[in-house]
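Colleague: I'd like to ask you about the structure that follows.
The values are calculated or read from the model by the stated rules, or taken from the named source; none is laboratory data. The shown structure was predicted, so the numbers you read here are calculated from the model rather than taken from an experiment. A quick note on method: Cβ atoms are made from the backbone with ideal geometry, for glycine too, and the neighbour counts reach across all protein chains shown.
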Amino acid sequence: MTRLHTKTTLITGAGTGIGLAVAQRFANEGARVILADRNEAAALAAASAIGSLARAVVMDISDESSVADAFASLGADGWAPDVVVANAGVQLFGEDAPAAELDLDVWKRTLDINLTGTFLTVKHAVRSMLANGPGSIILTGSPTGINGEGRDFTAYSATKAGIHGLTRTVAAAYAADGIRVNTVVPAYTETSLVTSITSDPEARSAIIGRIPLGRAGSPADIEGIMVYLASDDGAFATGGLFAVDGGMTTL
């Protein structure tokens, strides 16, 4: 498993969940792995568990100076990433709501992290790649940005639709520079982000009932497509939305 042995990779939100699983898989594929998270303790613990191929960096994706400083420091240390996975995000369960009931503060907090934070990660990833060589940028989307699955999560769904549009815009703008940009679209994936659902059997059953393959996703289900898009196997893929959703967006 050495498909990424020449790559230096950065994953945001890598302290837990999908980000952590992808970081571990990338390391197993031979990549140097940068685990970026605003939770320094989680990032350090994850990097320590992975070993010598990994390092932690504190990054608050909603703060441009934090993002810019992280990329600058990595470049200065010889760790400028060839692959950036913009995975960090939030879903504010119990606060996000249908549009008529949604508080403006919840809307703004969700956009600040999910959409503005993803944009800032992409912006500085592109700048780094323009300076240091081409690469692959992978974003994390959602079926809620494609269909009506997230009708009770207005802010979250809007941010994911924005991420899908950002993918195609940036992919078109920088294809000539050898920078590929794609989005992976997971369905309901059981991580710490969705504990309010996993702990509610009725809510969990309702969601799984809308997944044609009949089960929830796991972080392990997402790793393979991330490796493909990060590796040279995905050299002709850019501007794509890659659904790994058990068929959820077919309905």
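Colleague: Exactly one condition in (1) assigned to a helix (DSSP H, G or I); (2) farther than 18 Å from Leu35 by Cα is not met by Ala97; state its number.
Modeller: (1) is the only condition that Ala97 fails.
Colleague: Still on this structure, I have one more. How about segment 44-65: which of its residues are among the small types (Gly, Ala, Ser) and touching a helix residue (DSSP H, G or I) at 6+ places or on another chain (Cβ under 9 Å)?
Modeller: Scanning segment 44-65 gives Ala46, Ala47, Ala49, Gly51, Ala54, Ala56, Ser62.
Colleague: Residue by residue through segment 226-248, note down the ones that are part of a helix (DSSP H, G or I) and surrounded by 19 or more Cβ atoms within 10 Å (Cβ to Cβ).
Modeller: Once the filter is applied, which keeps residues that are part of a helix (DSSP H, G or I) and surrounded by 19 or more Cβ atoms within 10 Å (Cβ to Cβ), segment 226-248 yields Met226, Val227, Leu229, Ala230, Gly234, Met248.
Colleague: How many residues does segment 192-211 hold that are at pLDDT below 85 and either crowded, with 17+ Cβ neighbours inside 10 Å or among the acidic types (Asp, Glu) (or both)?
Modeller: Here the count works out to 3.
Colleague: Suppose the filter is among the hydroxyl-bearing types (Ser, Thr, Tyr) and either free of Cβ contacts under 8 Å to residues at least 40 places away in the same chain or more than 17 Å from Phe242 (Cβ to Cβ) (or both); does Ser231 pass it?
Modeller: Taking the combined requirement at face value, the residue does not satisfy it.
Colleague: In this structure, does Leu115 turn out to be touching a helix residue (DSSP H, G or I) at 6+ places or on another chain (Cβ under 7 Å), touching a residue at least 40 places away in the same chain (Cβ under 8 Å), farther than 19 Å from Thr191 by Cα and not polar (S, T, N, Q)?
Modeller: When the stated conditions are applied, Leu115 passes them.
Colleague: Quick check, is Asp63 modelled with pLDDT of 95 or more, within 18 Å of Thr118 (Cβ to Cβ) and buried (at least 22 other Cβ atoms within 10 Å of the Cβ)?
Modeller: no
Colleague: Taking the condition crowded, with 19+ Cβ neighbours inside 10 Å and modelled with pLDDT of 90 or more, does Arg180 pass?
Modeller: Criteria met by Arg180.
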